[in-house]
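*Asks:* Shown below is the structure under consideration.
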Amino acid sequence: MRVVEVARFGAPEVLTVVEAPDPVPGPGEVVVDVVAAEVLWVETMIRSGNGGPYFPVQPPYRPGAGVAGTVTAAGAGVAGDWIGRRVAAATGDHGGYVERALLPAGDLIELPDGLACTDAAAVLHDGTTALGLMDVVEIKPGDRVLVTAAGGGMGALLVQLAHAAGGRVVAAARGRDKLERLRRWGAEVVDYATPDWTASVAAAVGGLDVVLDGAGGRYGRAAFDLVVPGGRFSAHGTPSGAFAPVDRDAAAARGITVTGIERVQFPPGRFREYAARALHEVAAGRLTPLIGQTYPLDRAAEAHTAIENRSAVGKTLLLTS
């Protein structure tokens with residue numbers, strides 16, 4: 001089978017497709033023929049060697065955090081009726097950029113009827129994190145909410161969830177294409193490529209009760225200054241190179257609750273609960289993943305390049321056929 005490996009840290013070109021033996025399930029394991037593998041922004045950071053203490057991965061390794069597909073083989077101790085079921089699962093250290101994934105049967109989440117494998121892969125991690133963030137920040141009807149990095153896979157889900165909770169949502173992203181796609185979910189849109197983007201946010205809704213910061217860095221820091229006393233600020237994204245540098249003492253003085261990525265780093269059981277919720281929300285039509293581009297498995301380097309140069313819109317997936 002084909003797999004993508006990283007032999008050394010570096011530019012996207014270090015993502016290399018190699019042939020590997022087909023996996024054989026051991027006790028408690030299954031093999032999933034992968035239809036779609038999700039691509040996360042954090043995977044580009046890890047591949048470049050900038051995972052830091054949060055993601056201490058060392059090459060050689062197989063990238064990829066989650067897949068969706070069909071169970072085709074089961075090891076001892078696994079119920080035979082798993083074979084033929086469509087599932088999604090986090091791949092852990094096994095890697096997800098593969099044609100066939102070897103997974104513990106206990107990690108599988110069966111897909112609801114009618115849900116496409118591509119949609120399942122698109123919300124496996126992003127939907128889980130987005131639902132978790134909504135529980136953390138507790139958006140109330142009338143709350144003025146800013147979502148940064150709103151044009152990404154998770155950002156688009158947060159825009160929808162915040163709007164459904166009754167928030168007055170401003171979606172901040174870069175470029176007309178992303179902004180136009182975000183308008184469909186009832187958000188005001190702001191291009192933070194413009195120098196005065198925070199003034200546009202303030203003009204749209206005034207001060208902010210909630211910031212869901214998926215951008216980090218100077219974008220998140222600028223957004224923090226718009227939060228009203230008693231507001232909530234979630235610093236969970238680093239596409240700008242670091243989490244938003246928020247002074248916790250200054251936040252406390254204004255009564256602002258600041259939370260970080262640690263609040264949505266769930267143990268496996270809790271992860272599966274949120275992931276199953278996300279899959280059912282999509283199947284029910286209450287949540288729509290924004291899948292902007294798909295690539296064949298052997299073009300994983302192009303997928304990483306698109307994410308890094310900000311040309312990717314929404315979620316990026318790898319397809320095995």
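*Asks:* Under the rule of -39500 (n - 2.57) per DSSP H run of 4 or more residues, summed and divided by the residues of the chain, what mean residue ellipticity at 222 nm is obtained, to the nearest 500 deg cm²/dmol? Show your work: numbers first, answer last.
*Replies:* Values: 10 runs with 94 residues, N = 321.
The helix contribution divided over the chain gives -8500 deg cm²/dmol.
*Asks:* Name the shape class, rounded, prolate or oblate, that the alpha-carbon gyration tensor gives for the range 139-212, where a ≥ b ≥ c are the square roots of its eigenvalues, rounded holds for a/c under 1.5, and otherwise prolate holds if a/b is larger than b/c and oblate otherwise.
*Replies:* Working: a/c = 1.90, a/b = 1.15, b/c = 1.65.
Taking the square roots of the gyration eigenvalues as a ≥ b ≥ c, the range 139-212 is oblate.
*Asks:* Under 16 Å from a point placed 7 Å out from the Cα of Ala7 along the Cα-to-Cβ direction: which residues of the range 27-65 have their backbone N that close?
*Replies:* Under cut-off, by backbone N: 59-63.
*Asks:* If I take every Cα pair under 8 Å that is 6 or more residues apart in the chain, average their sequence separation and divide by the length, what percent do I get for the relative contact order?
*Replies:* On the way: 759 pairs, mean separation 59.5, N = 321.
Relative contact order for the chain comes out at 19 percent.
*Asks:* Further question: Taking K and R as +1 and D and E as -1, what net charge do the other residues with C-beta under 12 Å from the C-beta of Arg272 add up to? Numbers along the way, then the final one.
*Replies:* Values: positive: Arg270, Arg277; negative: Asp107, Glu110, Glu273.
Taking every other residue near Arg272 into account, the sum is -1.
*Asks:* Quick one: Karplus J couplings for the range 228-243, per residue in order, coefficients 6.51, -1.76, 1.60, θ = phi - 60°, nearest Hz, x for Gly and Pro?
*Replies:* 7, x, x, x, 10, 9, 9, 9, 10, x, 9, x, 7, x, 6, 5
*Asks:* Equivalent ellipsoid semi-axes for the range 213-310, as square roots of 5 times the alpha carbon gyration tensor eigenvalues: give them largest first, rounded to whole Å. Spell out each step's value before the answer.
*Replies:* On the way: eigenvalues 180, 85, 33 Å².
The three semi-axes for the range 213-310 are 30, 21, 13 Å.
*Asks:* Percentage of Cα-Cα pair distances in the range 126-264 greater than 21 Å, rounded to whole percent? Please list the in-between numbers first.
*Replies:* Values: 2912 of 9591 pairs.
Counting pairs separated by more than 21 Å, the tail of P(r) holds 30 percent.
*Asks:* Work out the P(r) tail for the range 1-135: percent of alpha carbon pairs separated by more than 17 Å, whole number.
*Replies:* I get 60 percent for the Cα pairs in the range 1-135 exceeding 17 Å.
*Asks:* Given an 8 Å cut-off on Cα distances and at least 6 residues of separation, report the relative contact order of the range 106-245 as a percent.
*Replies:* Relative CO of the range 106-245 lands at 20 percent.
*Asks:* Calculate the FRET efficiency for Thr16 and Ala203 from the Cβ-Cβ distance with a Förster distance of 41 Å, rounded to the nearest 0.05. Provide the component values of the computation, followed by the final result.
*Replies:* Numbers: r = 48 Å, r/R0 = 1.18.
So the FRET efficiency works out to roughly 0.25.
*Asks:* In nm, give the distance between the simple-model label positions of Ala242 and Tyr61, each being 7 Å from the Cα along the Cα-to-Cβ direction.
*Replies:* In this crude label model, Ala242 to Tyr61 measures out at 2.2 nm.
*Asks:* So for the pair Phe266, Val228, with labels modelled 7 Å out along Cα→Cβ, what separation do we get in nm?
*Replies:* 3.1 nm
*Asks:* Continuing with this model, one more query. Could you give me the radius of gyration and the Dmax of the range 272-321, taking only the C-alpha atoms into account and expressing both in angstrom?
*Replies:* Here Rg and the maximum Cα pair distance are 13.3, 34 Å.
*Asks:* Length gain on complete extension for the stretch Thr194 to Thr288, per 0.36 nm per residue less the alpha carbon to alpha carbon distance?
*Replies:* Fully extending the segment from Thr194 to Thr288 adds 31.0 nm.
Taken together, the values in this text are just the output of simple stated rules run on the coordinates, not laboratory data. Everything quoted here is computed from the prediction, not taken from an experiment. Backbone-built Cβ (ideal geometry, glycine too); neighbour counts: all protein chains shown.
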